[in-house]
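Chemist: So that we are looking at the same thing, I have put the structure below in structure tokens.
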Amino acid sequence: MNAGANNKEQGMTAKLEPRKSLSAQLVAELREQIANGTFAPGDKLPSENELMQTYEVSRTVVREAISGLRADGILITRQGVGAFVTNQTGKRLEPFDPLDLKAVLHMIEFRKAIEMEAAEFAAARRDDNDLKELKSRFDELTANALDAKEFVLPDYNFHLAIARASHNPYFLQIEEHIGAQIIPHSKLHVLAPDIPEDLSFLKAVQVEHEHIYRAIVDGDVSGARAAMRTHLEHSQERYGRYVSAV
Ligand SMILES: [Zn+2]
């Protein structure tokens, strides 16, 4: 406790840094060996003890590195057996830059491809829990609909609830991976700070959301798909205008 308090008083947690960077170095080293094929998909990684000896690091460092690689989906660990290389090495989504308007348009196009399908599945498969979740997400969205900054997160959560209601976990995982920045409006005030808050735009978006919501609640499969298409196509049009304006 005293040591922690002292560190705090000095305004630094310098003590932690060397260990952190050692595990980061080990992560980088193992990533490199996986990328260059030293360890191929399905291969077992050397044991904790072997890694400790090879790299002259502590067990904690090895465990941190392994758990980092596991969190990234590059390794899976089997209790008492060891860590294995998955087949997902090096094939991760690029981080998405929401300030790049062309990237925003590509993202909306991609979302159309997956979210129209997700909305259709949601209308077909939603259960009582999904309906409850969708209602609370839609209510939250409605409460914030006319506030350009506040509605971004509820908008994202509403789309996540639809992905969840599709009952195919990959829709949800993809949307979670991309993050709230899939909502293009999240950076609009950064891209175009001089544009006044446009209530008619916000009202239109809310009507689009309501159409999606109603169709899913009604179990209207083609209606849900069409409403999601309309929502994202309008989004494309709105952003297409910004691209040509800046
Ligand atoms: Zn939306």
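Chemist: What single numbered condition from (1) of a type in the set (Asp, Glu); (2) within 21 Å of Asn168 (Cα to Cα); (3) modelled with pLDDT under 95 fails to hold for Asp147?
Modeler: (2)
Chemist: What residue, of Val81, Val104, Val57, is at negative phi and modelled with pLDDT of 90 or more? Steps first, please.
Modeler: Values: Val81 fails: modelled with pLDDT of 90 or more; Val104 fails: modelled with pLDDT of 90 or more.
One residue alone meets the criteria, Val57.
Chemist: Sticking with this structure for a sec: Can you tell me which residues in the range 188-222 are modelled with pLDDT of 90 or more, assigned to a helix (DSSP H, G or I) and farther than 24 Å from Ala143 by Cα?
Modeler: Hits for the range 188-222 are Val221, Ser222.
Chemist: In the list Glu32, Glu64, which residue meets the criterion of being part of a helix (DSSP H, G or I), loosely packed, with under 12 Cβ neighbours inside 10 Å and at pLDDT 85 or above? Give the derivation first.
Modeler: Values: Glu64 fails: loosely packed, with under 12 Cβ neighbours inside 10 Å.
None of the other options fit; the residue is Glu32.
The values are calculated or read from the model by the stated rules, or taken from the named source; none is laboratory data. Predicted model only: the values in this text are computed from it and were never measured. Glycine gets a Cβ as well: all are built from the backbone with ideal geometry, and neighbour counts include every protein chain shown.
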